[in-house]
1. Would you mind computing, in nm to one decimal, how far apart the modelled labels at THR35 and LYS78 are, each placed 7 Å from Cα along Cα→Cβ?
2. Apply 1/(1 + (r/R0)^6) to the Cβ-Cβ distance of THR110 and LEU131, taking R0 = 35 Å, and write down the FRET efficiency to the nearest 0.05.
3. Say R0 is 25 Å: what FRET efficiency, to the nearest 0.05, do LEU96 and LEU119 get from their beta-carbon distance?
4. Extension gain LEU22-LYS138, at 0.36 nm per residue separation less the Cα-Cα distance, in nm?
5. So what are the three principal axis dimensions of the stretch 1-84 from its Cα atoms, in whole Å, longest to shortest?
6. So, for the chain, what is the accessible surface per residue at a probe of 1.4 Å, expressed in square angstrom?
7. Where the accessible area of the chain is counted over protein heavy atoms with a 1.4 Å probe, how much of it, in %, is carbon and sulfur?
8. Based on Cα coordinates alone, diagonalise the gyration tensor for the stretch 1-154, multiply each eigenvalue by 5, take square roots, and list the semi-axes in whole Å, largest first.
Amino acid sequence: MTKIIHAVAGAAALMTIATFWLSTALTELFAPHETIALVKIAIPWGFLLLVPMLAATGGSGFFLAKERRAGLIGAKIKRMPFIASNGILVLIPAALFLASKAKAAEFDTTFYAVQMLELVAGLTNIVLLGLNMRDGFKMKGRFRVRQPDRLSTKPIL
């Protein structure tokens with residue numbers, strides 16, 4: 001059951017963060033300020049889903065890892081403090097700040113500077129969580145490890 005919880009919670013967390021990021025990027029590029037404000041105000045409400053999913057993913061991952069800390073499990077564990085601190089120290093405060101600025105219709109230089117910081121930090125977490133998912137798939141045997149072509153008949157010059 002723990003394996004299922006880990007996989008479902010991890011996928012849901014990654015998809016939630018990707019949804020936040022894409023919604024932000026697309027509305028900033030193509031939507032009026034009113035739509036941007038709706039997205040920025042809605043994102044903190046999404047934390048009600050995201051935070052429990054990340055906690056369930058992390059908790060179940062540590063439970064599944066037991067005492068192992070080498071190889072792919074070690075790589076996943078090493079990424080987690082950065083993912084968590086990026087979320088707690090950058091993404092959550094930025095989202096709350098941007099929601100308050102958007103609600104007040106204050107789309108100024110500070111708003112856009114924090115918005116860029118949030119987009120970079122969010123993309124960083126998407127990449128790191130994606131790497132963790134990839135490593136989880138490798139551990140389950142879903143991705144084959146590529147072997148060099150040892151039967152090559154090309155002469156070495």
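The values are calculated or read from the model by the stated rules, or taken from the named source; none is laboratory data. These figures come from a predicted structure and were not determined experimentally. Note: ideal-geometry Cβ built from the backbone for every residue, glycine included; neighbour counts use all protein chains shown. Ligands, DNA and RNA are stripped out before the accessible areas are found, and what is left, the full protein with its side chains, is counted by its heavy atoms. Shrake-Rupley method; radii C 1.70, N 1.55, O 1.52, S 1.80 Å.
1. Result for the modelled spin labels: 4.2 nm.
2. Computed FRET efficiency for THR110 and LEU131: 0.65.
3. Here the calculated transfer efficiency is 0.95.
4. Details: separation 116, 0.36 × 116 = 41.76 nm, distance 2.69 nm.
Extra length from LEU22 to LYS138 when fully extended: 39.1 nm.
5. 51, 23, 16
6. Working: 10390 Å² over 157 residues.
For the chain, the per-residue accessible area is 66 Å².
7. Summing carbon and sulfur atoms, their accessible area is 72 percent of the total for the chain.
8. Computed over the stretch 1-154, the values are 35, 19, 13 Å.
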